1. If you go through the stretch A:198-207 one residue at a time, do you hit one that is buried (at least 24 other Cβ atoms within 10 Å of the Cβ) and in contact with a strand residue (DSSP E or B) (Cβ under 8 Å, 6 or more places away or on another chain)?
2. Find the residue count for the stretch A:178-198, including only residues that are of a type outside the set (S, T, N, Q) and away from every other protein chain (no Cβ under 14 Å).
3. For A:Gly243, indicate whether it is surrounded by 20 or more Cβ atoms within 10 Å (Cβ to Cβ) and in contact with a Ser or Thr (Cβ under 7 Å, 6 or more places away or on another chain).
4. Looking at (1) open to solvent by 10 Å² or more (accessible area, probe 1.4 Å); (2) outside any helix (DSSP H, G or I), find the lone condition where A:Ile281 falls short.
5. Which one of these does A:Met120 not meet: (1) surrounded by 16 or more Cβ atoms within 10 Å (Cβ to Cβ); (2) in contact (Cβ under 8 Å) with a residue 40 or more places away in the chain?
6. Regarding the stretch B:243-260, can at least one residue be identified that is open to solvent by 40 Å² or more (accessible area, probe 1.4 Å) and either facing chain A (nearest Cβ under 8 Å) or in contact with a helix residue (DSSP H, G or I) (Cβ under 8 Å, 6 or more places away or on another chain) (or both)?
7. Would you confirm whether any residue within the stretch B:268-281 is assigned to a helix (DSSP H, G or I) and surrounded by 24 or more Cβ atoms within 10 Å (Cβ to Cβ)?
Amino acid sequence: MSIEMSNAMSLEMSREPVISARDVRVWYGTTRGAIRAVDGVSFDLAPGETLGLVGESGCGKSTLGRGLMGLLPKGAKRDGEVWFEGKDILSMRPKDSYRLRGSHLGMIFQEPLTRLNPLMRISDHFQESIKQHDPSLTKDEIKQRALDALRLMGIPPTRYRSYPHEFSGGMRQRLMIAMALVLKPSFVVADEPTTALDVLVEAQIVQILNDLRRNFNTSLLLITHNVGIVAEACDRVAVMYAGRIVEQGRVADVFENPQHPYTRELLRSTISLRTTGLNFIPGAPPDLVDPPDGCRFHPRCPEAMAVCATRNPVNIERPRGGRVECWLVGPEDEIPPGGKQRLKQEELTVADEA
Amino acid sequence: MAWPSTEPIVDIRDLSVHYGLRGGSLARLIGSDAGTVKAVDGINLTLRRGEVVGLVGESGSGKSTLGRALLGLAPATEGSIEFEGQDLADLSGRRLRALRRDIQMVFQDPSAALNPAMTVEEAVGDALRVHGMRSASERRTKVIDALERVGLSPVELFLEKYPRDLSGGQKQRVVLARAIITGPSVLVADEPISMLDMSVRAKILQLMLDLKQDLGLTYVYITHDLASAKFFCDRIAIMYLGRVVEIGPTEEIFANPRHPYTKALLRAIPDPDPGRQLPRDLPRGEVPDAASPPFGCAFHPRCNEATPICGWESRDLRALIEGHWTRRSAEEYAGERSIVGDLDHLDKPTTGATIGSAGSAETRVFLDRVRAEKPDEPIWGGIDAINDVGSGVRVQFREGVDPALRRAGEVQVACVLYPDEPTGVEAAESDRDRPPPPPEPVSAGINRRTVGLTVVGLIAALLPFVAFAGITREFVQNGVLTSYSRINVLGILGGVVAFGCGWALLTKGGGAERAPWWKAVGVVVALLGVLQFLHGSSLLVAVSPCQSERVDSTWCR
Ligand SMILES: Nc1ncnc2c1ncn2[C@@H]1O[C@H](COP(=O)(O)OP(=O)(O)OP(=O)(O)O)[C@@H](O)[C@H]1O
Ligand SMILES: Nc1ncnc2c1ncn2[C@@H]1O[C@H](COP(=O)(O)OP(=O)(O)OP(=O)(O)O)[C@@H](O)[C@H]1O
Ligand code: SF4
Ligand SMILES: [Mg+2]
Ligand SMILES: [Mg+2]
């Protein structure tokens, strides 16, 4: 384990990141005001690395994933930088970012059936998407590439001319993965790719995603509710709360030794095979139109201090690598006098529940 | 954990719920129905007062159907359900409605379970109104009490709200309030936390524990999530394709899983413990089509402990060959494909599978290559013989065994690996291993179709000779009226139908083992059909009884 870890660490340091997000922000305009779904997110992803993105519902995970791809709905605004191969995706012309998607960036969604045209054979899906991004390929070359990708996902060549409805749920998801990977993109976002699947099939897909770096050297941002999946398939984890990444680092470090109270409470409230008592975080994530001042988690945080309610926590290095933003970790010298006093929490009721 | 009580409250005996799949009406007429789905197939289960029984399994295993059957919402095809000693089937009208008060259900999706046009107060109080409580103020008192019990306080904040104003967890609380307001003793909870956010699940589960404590409820907890079942249930029944494959006390199931399916489910649970290794030996494939389940043990195609008698058949052969092809290069695949030809016919389940189109020897070489690649696949042990036929080979599989639930230690398991003699009461009641099932559904259906086709064909071909409904028509020859005949409408129709039946017999008759005499019958019926058509349309004057010489023949009037 330790050898593996130091290997991976040196890997991370020796290689340029594939993708580098800096202070990314995304708002949705509504009549109530702007929903700040992603509010200042930064991270790097090394080649072949998998980053798990976890957090409660509505904290902005999907918005971040789509924002990185430039796949936001109308009315959404974004800001910040996403560096990919020396270029900033966010400031590209739409035509260029479209060209980038598919050939260099890939996306895997939760509901594969809604992404496939029921009237088109699998072969046509591949033809169409490959042709768009690499018009120089001949029909035979396309078929060759498609069959290779399908084979790696365990779909036999006999099924190449089938229609989407002729596949089972798990096969469809493998198909989507094959389509996302056929052009060997260097960065893929997978948004809850297993949520709709059966338990055993979910485990199969997690395994496939886990093998990705070996087979394709693809970097993956894996969005999921399931911390178990993060532990099994990811190198690093980013914990998101109310539009910000509050803690990120190597999975083993973060899960064994969470620095942010939110990370700790999220892990504690997860029901796993070792659960002997039920724990939960009181209240619900805040309204992103008007999030709380200071640390956004302070109204729910069991360890909140006076400073937490007034000042934004500083994003600092985690004690064992990675980043964290929580006043408990520091920096000491920025906490005003008396700031460490325990904050008196209001009673949170079910009325505030998610 | 000791049982909360030993008193049975619900007793399910040999329960089966089968759904007929809709085929066309003509298909039904000639006996080729599209089959049935055995959603629940011979299940025995006793609920003891105060316990939590978990029904765990993948999609399509029949969990919801079993739960719905408890409420009388899914009709039992066979078997019985007794609630406090009363058979549900004997209840009717008012008594059945009274029972609905005693057994309540909570569904997975709280948004779908609540009427968007009803306020919380209306939704929760509605059950009382249905059960005949007229006084609005009385209802309101009860609603307030129920909402308080499920933690929706301050109640005034929620009474007037609509579902759209509530979060997922709050909606599920409303659904729970609605379920407990009639004072039930059994609550069937169908995936009550699956649709909720991770951080809300523990809250709802805690609430259910509190309700159980306060109200003395008995739970049936339906889930595909073993982790929550482990925490929540006293006993667990693992289900697969309509059957219980393992059942026993929760601790024993987790400490000592016996059925290969249980083991697989346990291995597959993602665990947040970073020290854990990824499981490498997951079952392949997915839950098969319930309308045509695998032979023998339904789990055998995915089982990594399967034995030669687990029910191997043609579909397994297809999966094996296609799996082999995912590991071949394109050229190798093209070559092998041309040897074995199309595999689609293997989807029709049979224990005698014919493959190969380029010669028996070549097909054998190909099979040897597949075998050499994966010599440990259990399917090889299930092959009795490989015989040359035509330009390929016929792979003969061993008859499989469909294992019954049998006692193994503290639990019961349905797997040939646990053949212990039945000793316990429940085990003694369950059948022996059922005899090999294959021929029954497949060929029976098709023979019925064959017979149906023959009968319909013959009637269509012969009836118009005796029945009359014709139009008289005169034949003019050389300007002279020489003869007249009739167009027999029935004859034309009958001829067409008979020909169709004959043709169907020729091409599809006789079932999997296509005996030559069905072809002969097909030819005869089709010919009769042609004859009848020609006769009916008067084109066959020579054969027609209505020839000019016999104008006054009774046949023609
Ligand atoms: N198209 C949209 N228009 C307006 N608001 C949106 C839109 N999409 C998302 N939001 C809001 O943005 C916030 C973040 O949503 P997002 O879907 O990114 O969260 P998430 O973390 O992916 O949640 P989940 O786990 O439920 O998928 C939420 O408050 C949501 O209501
Ligand atoms: N009303 C119905 N008509 C026909 N078939 C049905 C009906 N209800 C259920 N089935 C079939 O019965 C089988 C069992 O379904 P059921 O919903 O009980 O499974 P389940 O274990 O609850 O699955 P899930 O986890 O997907 O909810 C399935 O094959 C299903 O397609
Ligand atoms: S009966 Fe056979 S196939 Fe079924 S679980 Fe047991 S070993 Fe596996
Ligand atoms: Mg999302
Ligand atoms: Mg169900």
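1. Checked against the condition, which is being buried (at least 24 other Cβ atoms within 10 Å of the Cβ) and in contact with a strand residue (DSSP E or B) (Cβ under 8 Å, 6 or more places away or on another chain), the stretch A:198-207 yields no hits at all.
2. Narrowing the stretch A:178-198 to residues of a type outside the set (S, T, N, Q): A:178-185, A:187-193, A:196-198.
Still in the list and also away from every other protein chain (no Cβ under 14 Å): A:179-185, A:187-191.
Qualifying residue count for the region: 12.
3. Working: surrounded by 20 or more Cβ atoms within 10 Å (Cβ to Cβ): yes; in contact with a Ser or Thr (Cβ under 7 Å, 6 or more places away or on another chain): no.
Taking the combined requirement at face value, the residue does not satisfy it.
4. Here A:Ile281 clears every test but (1).
5. Going through the list (1) surrounded by 16 or more Cβ atoms within 10 Å (Cβ to Cβ); (2) in contact (Cβ under 8 Å) with a residue 40 or more places away in the chain, A:Met120 breaks only (1).
6. No: the stretch B:243-260 contains no residue that is open to solvent by 40 Å² or more (accessible area, probe 1.4 Å) and either facing chain A (nearest Cβ under 8 Å) or in contact with a helix residue (DSSP H, G or I) (Cβ under 8 Å, 6 or more places away or on another chain) (or both).
7. Here is the first cut: in the stretch B:268-281, the ones assigned to a helix (DSSP H, G or I) are B:268.
Pick out the ones that are also surrounded by 24 or more Cβ atoms within 10 Å (Cβ to Cβ) and you get none.
Checked against the condition, which is being assigned to a helix (DSSP H, G or I) and surrounded by 24 or more Cβ atoms within 10 Å (Cβ to Cβ), the stretch B:268-281 yields no hits at all.
Residue-by-condition table, conditions (1) in contact with a helix residue (DSSP H, G or I) (Cβ under 9 Å, 6 or more places away or on another chain); (2) open to solvent by less than 20 Å² (accessible area, probe 1.4 Å); (3) small (Gly, Ala, Ser):
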{"position": "A:Ala46", "(1), (2), (3)": "yes, yes, yes"}
{"position": "A:Glu49", "(1), (2), (3)": "yes, yes, no"}
{"position": "A:Val54", "(1), (2), (3)": "yes, yes, no"}
{"position": "A:Ser57", "(1), (2), (3)": "yes, no, yes"}
{"position": "A:Leu68", "(1), (2), (3)": "yes, yes, no"}
{"position": "A:Arg78", "(1), (2), (3)": "yes, no, no"}
{"position": "A:Trp83", "(1), (2), (3)": "yes, no, no"}
{"position": "A:Ile89", "(1), (2), (3)": "yes, yes, no"}
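The values are calculated or read from the model by the stated rules, or taken from the named source; none is laboratory data. All figures in this text were calculated on a predicted structure; none of them were measured in a lab. All Cβ positions, glycine included, derive from the backbone under ideal geometry; neighbour counts span all protein chains shown. Calculation scope for accessible area: heavy atoms of the full protein, side chains included, ligands and nucleic acids excluded. Shrake-Rupley method; radii C 1.70, N 1.55, O 1.52, S 1.80 Å.
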